[in-house]
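Peer 1: Got a structure for you, questions after.
The values are calculated or read from the model by the stated rules, or taken from the named source; none is laboratory data. Note that this is a predicted model, so its numbers are computed, not measured. Here the Cβ is made from the backbone with ideal geometry for all residues, glycine too, and neighbour counts use every protein chain on show.
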Amino acid sequence: GPVSLLSRFHGALVAAVLGDCVGGEFEGAQDVPLERVLQHLSGLEDDTRGDGILQYSDDTAMMRCVAQSLLTRMGFDEQDMARSFAKEYSLAPGRGYGAGVIQVLRKLASPQLSDVFQPARAQFGGRGSFGNGGAMRAAPFALAFRNAADVKKYARFGAMLTHSCSLGYNGAVLQALAVYLSLQGELSLPQKFINRLICEMEEVEKDETARSDAKVLNLDEFPFCARLHRVKELMEQNSVSIEEVISELGNGIAALESVPTAIFCVLHCLEPREGLPEHYGGLERTIAYSLALGGDTDTIACMAGAIAGAHYGISAIPQSWLISCEGAEEAKHLAERLYKLHIMQTDEV
Ligand code: R7I
Ligand code: MG
Ligand code: MG
């Protein structure tokens, strides 16, 4: 039957945590046989290992900070969000943060800091990070704001607290938009969904900074649009190999090499696929497929999980998978509160 908006909200944040937790097992592995993925996942169904056995990483830790901050400030407050990241990092520094971002998080802890965007701008020789750390935590922006313009605007600022390279923050914009459209049921028309994302990103990547970053980094002119066009081409193919997905879209730690990939995982798994168990629904397929790509598996599964969870709703997540994940209950609670914030807002005229 139809999926309620509340179920979609729950699904988005809980499946993001799920992807992070189950994906941690394979992060950085280059060859992940599907067999091993299915073994890992079916292991969660044997209830012998206890609840919350799979720990979440920086992806979830930072996503929780984003959600918490949007809730307590009832909107975007860069000071509060920056402090929240810094505090979370100082309390639990061992969650597997990116090698560069920890410098930013340390600087953000300083009470003397007045411009909270400054530490991010100092990264990587002054260009800023193009890692996927802004995108991995972007889902709550899609839940908190009612219109696409606000989702784009605040996902961008939220990412810029750690990722000031346009390739980093535009990845966050794309991820937030994908979750936003999915919450509205737009994945029921996959062609329209991808066309809409391309259209939105054409606007985003027109920006002068985006163009000069792409040039300096030797990338396509509209790098995210170019990848999204490849997603579209892969969707039109009869069969697609894992190797092709990796070579066309990537599976790396850069936003450009992981956000379009996550979007592809969701689109590809809307239908049953060879090699994936017949009893799997679309959400289970999406998670399994994301892990089978190898590379930055926790983050790709986290992002794909958020988009897929927003489409299928929380009831699509197997209970045994859910209870294996640290932080799943908390994510559900945050989603619930974001839902209330969302419906409370009145549309501006
Ligand atoms: O982007 P970020 O928060 O890392 C997120 C990833 C996810 O996979 C998490 O699950 C966690 O494992 O880390 O952290 P950053 O340190 O900003 O970026 C990640 C990495 O990307 C850096 O450590 C660099 O190796 C690389 N990188 C760059 N390398 C060269 N030049 C990012 N930006 C640059 C760059 O401009
Ligand atoms: Mg991680
Ligand atoms: Mg990762």
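Peer 1: Can you tell me which of (1) of a type outside the set (Phe, Trp, Tyr); (2) touching a residue at least 24 places away in the same chain (Cβ under 8 Å); (3) surrounded by fewer than 24 Cβ atoms within 10 Å (Cβ to Cβ) is the one Gln237 doesn't meet?
Peer 2: (2)
Peer 1: Return the total of residues in region 23-45 being in a loop (DSSP other than H, G, I, E, B) and either surrounded by 15 or more Cβ atoms within 10 Å (Cβ to Cβ) or within 16 Å of ligand 1 (Cβ to nearest atom) (or both).
Peer 2: 6
Peer 1: In region 80-97, which residues are touching a Gly at 6+ places or on another chain (Cβ under 8 Å) and more than 16 Å from ligand 3 (Cβ to nearest atom)?
Peer 2: Selection gives Met81 alone.
Peer 1: Would you say Gly128 is touching a residue at least 40 places away in the same chain (Cβ under 8 Å) and over 23 Å from Ala331 (Cβ atoms)? Explain how you work it out, then say what you get.
Peer 2: Values: touching a residue at least 40 places away in the same chain (Cβ under 8 Å): yes; over 23 Å from Ala331 (Cβ atoms): yes.
Judged against the criteria, Gly128 is a match.
Peer 1: Which members of region 73-112 meet the condition of being buried (at least 20 other Cβ atoms within 10 Å of the Cβ) and in a helix (DSSP H, G or I)?
Peer 2: Correct list: Met81, Ala82, Ser84, Phe85, Ala86, Tyr89, Val101, Val104, Leu105, Leu108.
Peer 1: Another question, if that's okay. Report, by residue number, each residue of region 226-259 that is part of a loop (DSSP other than H, G, I, E, B) and over 20 Å from the mean Cα position of the chain (by Cα).
Peer 2: Gln237, Asn238, Ser239, Val240, Ser241
Peer 1: Do you know which residues across region 95-133 are away from ligand 2 (no atom under 13 Å from the Cβ) and within 17 Å of the chain's Cα centre (by Cα)?
Peer 2: Ser129, Phe130
Peer 1: Continuing with this model, one more query. Which of the residues spanning region 1-58 are under 21 Å from the mean Cα position of the chain (by Cα), of a type in the set (D, E, K, R) and away from ligand 2 (no atom under 16 Å from the Cβ)?
Peer 2: Arg8 - this is the single residue of region 1-58 that is under 21 Å from the mean Cα position of the chain (by Cα), of a type in the set (D, E, K, R) and away from ligand 2 (no atom under 16 Å from the Cβ).
Peer 1: Looking at Asn170, is it within 16 Å of ligand 2 (Cβ to nearest atom), surrounded by 24 or more Cβ atoms within 10 Å (Cβ to Cβ) and under 19 Å from the mean Cα position of the chain (by Cα)?
Peer 2: no
Peer 1: Output the number of the condition that Thr60 fails; it satisfies all remaining conditions of (1) hydroxyl-bearing (Ser, Thr, Tyr); (2) within 14 Å of ligand 3 (Cβ to nearest atom); (3) over 22 Å from Ser90 (Cβ atoms).
Peer 2: So Thr60 meets the others, but not (3).
Peer 1: Right, another one. Please work out which one of (1) within 19 Å of Leu13 (Cβ to Cβ); (2) crowded, with 23+ Cβ neighbours inside 10 Å; (3) in contact with an Asp or Glu (Cβ under 9 Å, 6 or more places away or on another chain); (4) of a type outside the set (Asp, Glu) is the condition Gly309 fails and give its number.
Peer 2: Just one mismatch for Gly309, condition (3).
Peer 1: Do the conditions hold for Leu108, that is, is it in contact with a Pro (Cβ under 7 Å, 6 or more places away or on another chain) and under 21 Å from Gly96 (Cβ atoms)?
Peer 2: In short, yes.
Peer 1: Would a scan of region 93-105 turn up a residue that is modelled with pLDDT of 95 or more and over 24 Å from Arg156 (Cα atoms)? Walk me through how you get there before you give the answer.
Peer 2: Taking region 93-105 as the starting set, the residues that turn out to be modelled with pLDDT of 95 or more are 93-105.
Within this subset, residues satisfying the condition of being over 24 Å from Arg156 (Cα atoms) are 93-94.
Yes: one or more hits.
Peer 1: Which members of region 208-225 meet the condition of being surrounded by fewer than 18 Cβ atoms within 10 Å (Cβ to Cβ), in a helix (DSSP H, G or I) and of a type in the set (A, V, I, L, M)?
Peer 2: Val216
Peer 1: Here is a further query. Could you tell me which numbered condition Ala122 fails, if it satisfies all but one of (1) within 14 Å of ligand 1 (Cβ to nearest atom); (2) within 30 Å of Leu44 (Cα to Cα); (3) surrounded by fewer than 16 Cβ atoms within 10 Å (Cβ to Cβ)?
Peer 2: (2)
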